[in-house]
Amino acid sequence: MQQLLVTGGAGFIGSNFVHYVMANADARVIVLDKLTYAGSRESLAGLPADRVELVVGDVANAALVDDLVGRLSGPADAVVHYAAESHNDNSLNDPSPFVQTNIIGTFTLLEAVRRHDVRLHHISTDEVYGDLELDDPQRFTEATAYRPSSPYSASKAGADHLVRAWVRSFGVRATLSNCSNNYGPWQHIEKFIPRQITNLLQGGRAKLYGTGDNVRDWIHADDHSSAVWTILSRGEIGETYLIGADGEKSNREVVSLILESLDLDVDDFDHVNDRAGHDLRYAIDSSKLRDELGWTPEYADFSEGLRRTVDWYREHQDWWAPTKTDVENRYAAGGQ
Ligand code: NAD
Ligand code: DAU
């Protein structure tokens, strides 16, 4: 049976991928996750114990990573690397864990897959390309130059460069993908969409950074997982694939849709302090993935996917409510 090592598999997108693999493939998964504030065992609940093993540990722990990668020996076995510090606002408050996990962690994994000659798929972000003007007719492609703005995106860019260097210099068998903004169940409530939903469910107001005109290109996490599986199955070694679902929306539009789906007044939001260095717009051209590997997203209607996400947070208050006060206190301490 195919074996996968999924780093960060107890986080928002990594756990979605583990569920995807369990439902769609004949594979076993070892999850390596440090269970930081962003990881949760609950996101993996209900999966078959004989096919999913959770190892709690650090991707920058060379001995542990070497041991886990060494367990992969079949022709289709692979490491899928999601583990990261992932929130821009946190990277502005304290960049150090971003450098440690995103850069040193990726380096540690690269050395292990090099030693054991194991295939790697590296998960990255469209933020490595910086931002676009609102009226720029070009979207990001695989040929766009790197121009990261934040400590988070710079650390992800550094990790991407390491992966490409290990492919070229050491013949490591790796593919890379850079995806746009994900939404869906199990996303930590510090992030934009779940923060607004949970504020409103608790009788508070939505919080828009700056003018609210910034644009993000939304994709459902299920579609991210199917794209990663496609690349893992049919992608060409050494290649990078951009993942996106043509989901551009301004933050203000997203807040309006959330307010609408909760039957609240369209004005139930506040403008709050803007993020330092706030990227204006991301937009992905995913033609290469669609044309060369035949991938298409399933969630064509963002408002419908968002409505289902609102319902999910309404039904899972036991998961997020215990951390809500702490998250909002952190934002308040930052001036919001
Ligand atoms: P997340 O913050 O929800 O989850 C990250 C997971 O990694 C958590 O389970 C955490 O415990 C684990 N982790 C953190 N540090 C670790 C360490 N040192 N060792 C082992 N595990 C560690 O993040 P996410 O939104 O699910 O993002 C996952 C990956 O996808 C990241 O690489 C991120 O850069 C990338 N990505 C995210 C998005 C998005 O919109 N969220 C878009 C494109 C790419
Ligand atoms: O583009 C992919 C990236 O998307 C991933 O690499 C990151 O891991 C992920 O966190 C996300 O980064 P963003 O910075 O775009 O996501 P965030 O949810 O933090 O913010 C989305 C937008 O909403 C951004 O323009 C900032 C704004 N925002 C955010 C918060 C938390 C608000 O207006 N209000 C808020 O309360």
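Miscellaneous remarks
- Scanning the stretch 80-97 finds one or more residues that are away from ligand 2 (no atom under 14 Å from the Cβ), part of a helix (DSSP H, G or I) and closer than 21 Å to H188 by Cβ.
- Residue in the stretch 40-49 that is in a helix (DSSP H, G or I) and more than 11 Å from ligand 1 (Cβ to nearest atom) present: yes
- Test: V128 is surrounded by fewer than 17 Cβ atoms within 10 Å (Cβ to Cβ), within 16 Å of ligand 2 (Cβ to nearest atom) and assigned to a helix (DSSP H, G or I): no
- Tally, over the stretch 137-158, of residues that are over 22 Å from D291 (Cβ atoms), more than 13 Å from ligand 2 (Cβ to nearest atom) and touching a residue at least 40 places away in the same chain (Cβ under 8 Å): 1
- Residues (of a type in the set (G, A, S) and either farther than 18 Å from T101 by Cβ or within 11 Å of ligand 2 (Cβ to nearest atom) (or both)) located in the stretch 159-169: A165, S169
- Of the set (1) more than 21 Å from L201 (Cβ to Cβ); (2) in contact with an Asp or Glu (Cβ under 7 Å, 6 or more places away or on another chain); (3) part of a helix (DSSP H, G or I); (4) within 16 Å of ligand 1 (Cβ to nearest atom), all apply to K288 but (4).
- Taken over the stretch 50-63, residues that are hydrophobic (A, V, I, L, M, F, W, C) and either more than 16 Å from G105 (Cα to Cα) or assigned to a strand (DSSP E or B) (or both) amount to 4.
- Across the stretch 167-201, the qualifying residues are those that are more than 10 Å from ligand 1 (Cβ to nearest atom) and among the polar types (S, T, N, Q), and the one among them that is farthest from R281 (Cα to Cα) is S169.
- Only listed residue being modelled with pLDDT of 95 or more, crowded, with 16+ Cβ neighbours inside 10 Å and under 29 Å from A333 (Cβ atoms), chosen from I13, I30: I13
- Scanning the stretch 249-275 for residues that are hydroxyl-bearing (S, T, Y) and over 18 Å from R216 (Cα atoms) returns a single hit, S261.
- In the stretch 293-307, of all residues being in contact (Cβ under 8 Å) with a residue 40 or more places away in the chain and in a helix (DSSP H, G or I), the one that is farthest from D217 (Cα to Cα) corresponds to L293.
The values are calculated or read from the model by the stated rules, or taken from the named source; none is laboratory data. Please read all numbers here as calculations on a predicted model, not as lab measurements. A quick note on method: Cβ atoms are made from the backbone with ideal geometry, for glycine too, and the neighbour counts reach across all protein chains shown.
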